[in-house]
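Here the structure is laid out as structure tokens; the discussion comes afterwards.
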Amino acid sequence: MSSEHHPEWVIDPETPSVARMYDYYLGGKDNFASDRKAADQVVAAMPNVLEFTRANRRLLSRAVTMMAGRGVRQFLDIGSGLPTQENVHQVAQRAAPDSRVIYVDNDPIVLTHARALLADNPQTTVVQADLREPGSVLEHPEVKARIDFDRPVGLLLLAILHFVPDEERPAEIVAKLRAPLVPGSYLVISHGHRGAVSREVEEQVRSAYGRTGAGDLIPRGVDEVTTFFEGTELVGPGIVQVADWREDAEPFESDMSRPGFLAGVGRVG
């Protein structure tokens, strides 16, 4: 039996949590033995997971700063995970103090912990809704009260769509979430891809995530990720490795042999 102290916001410390595994990759402390065991299995199979997970955090900071600089003052972060350093609200409100941020997650661990941490920030809130049911996000009372869809919105789907299997039609989910966005809005996505790793490595990674509440992780390639951006104009270099995305970069092809996260930012015209 584990001797670790489990705060009351931990629902089941024996089942690995995607949110807590991500926190572990980032060097955080809101994780437990089951999370570290699953995450270490991933690291053993794919050592650069620490590199591209942290690059994903830098993407968040770059993209939010860019959007704030272009006049976006409303941000909807779906599948937000546990609060850590350089969250959307910290980046956005540093660039534009009047920015409003809504975090959306269906994980009770995230909800309870985030609400406690964000209690003193009236321009930021966290709501419970499921990405797989876009209506539960867009029609949520807090979302409707705090987001004015007649004005530009920054929609972030970072490291979350790879938990949506093909049979649940992730491209259609993204299209429904994007539908109410007016010109001047942005869509930011990062997504796992396998690169040139062996099937054995892929299976080791997917088996680790298969033990979590989120279930299997489905890697996708550039063409599949590109479909998520239909109806937008890609900003910067297009769909590239997450560490390579820069607002001012010209279109180019990343080294797609490396496993990691693909990233893109699309502007709604």
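Coordinate-derived values only; no laboratory data. Treat the numbers as computed from the prediction; the structure is a model and nothing was measured. Neighbour counts are summed over all protein chains in view; Cβ atoms, including those assigned to glycine, are modelled from backbone coordinates with ideal geometry.
Percent relative contact order of segment 1-158, based on C-alpha pairs within less than 8 angstrom and at least six residues apart?
Values: 215 pairs, mean separation 34.1, N = 158.
After rounding, I find 22 percent.
Using the scaling law 2.2 N^0.38 Å as the reference, what is the normalised Cα Rg of segment 98-152? Don't skip to the answer; put the middle values down first.
Working: Rg = 11.4 Å, N = 55, 2.2 N^0.38 = 10.1 Å.
Normalised by 2.2 N^0.38 Å, the Cα Rg of segment 98-152 equals 1.13.
Just need the relative contact order of the chain here, percent rounded to a whole number, with Cα pairs under 8 Å and 6+ apart. Walk me through the intermediate numbers first.
Values: 505 pairs, mean separation 52.8, N = 269.
Reported as a whole number, the value is 20 percent.
Before anything else, pin down the relative contact order of segment 17-98: Cα pairs under 8 Å, at least 6 apart, normalised by residue count, whole percent. Mind showing how you got there, number by number?
Working: 59 pairs, mean separation 23.6, N = 82.
Taking the mean separation of contacting Cα pairs over the length of segment 17-98, I get 29 percent.
Per DSSP H run of n ≥ 4, the term is -39500 (n - 2.57); total these for the chain, divide by its residue number, and report the mean residue ellipticity at 222 nm rounded to 500 deg cm²/dmol. Can you show the working numbers first?
Details: 10 runs with 98 residues, N = 269.
Computed mean residue ellipticity for the chain: -10500 deg cm²/dmol.
Only loop residues by DSSP count here, and only those with at most 15 other Cβ atoms within 10 Å; note down the chymotrypsin sites (Phe, Trp or Tyr not before Pro) in segment 236-269 that meet that. Walk me through the numbers before you get to the answer.
On the way: sites: W245, F252, F261; in loops: W245, F252.
Taking segment 236-269 and a limit of 15 other Cβ atoms within 10 Å, the loop chymotrypsin sites (Phe, Trp or Tyr not before Pro) found are F252.
Can you say what percent of the DSSP beta bridges in the chain, counting only those with both residues inside, are antiparallel? Round to 5. Before the final figure, lay out each step's value.
On the way: 13 of 31 bridges.
Of all bridge pairs located within the chain, approximately 40 percent are antiparallel.
Using DSSP to define loop residues, name the trypsin sites (Lys or Arg not before Pro) in segment 10-42 whose beta-carbon has at most 10 other beta-carbon atoms within 10 Å.
Within segment 10-42, the qualifying trypsin sites (Lys or Arg not before Pro) (loop, at most 10 other Cβ atoms within 10 Å) are K29.
Tell me the Kirkwood radius of the chain: reciprocal of the mean inverse pair distance over distinct alpha-carbon atoms, in Å. Working shown, then result.
Values: mean 1/r = 0.0535 Å⁻¹.
When all Cα pairs of the chain are included, the Kirkwood radius is 18.7 Å.
Which whole-percent values make up P(r) of segment 61-116 when all C-alpha to C-alpha distances are grouped in 5 Å steps starting at zero?
Pair shares across the bins are 4, 22, 30, 22, 14, 8, 1.
Looking at segment 160-254, which GluC sites (Glu not before Pro) are DSSP coil and have at most 12 other C-beta atoms within 10 Å of their C-beta? Show your work: numbers first, answer last.
Numbers: sites: E167, E168, E172, E200, E202, E203, E224, E230, E233, E247, E253; in loops: E230, E247, E253.
When the GluC sites (Glu not before Pro) of segment 160-254 are filtered for loop state and at most 12 Cβ neighbours within 10 Å, E230, E253 remain.
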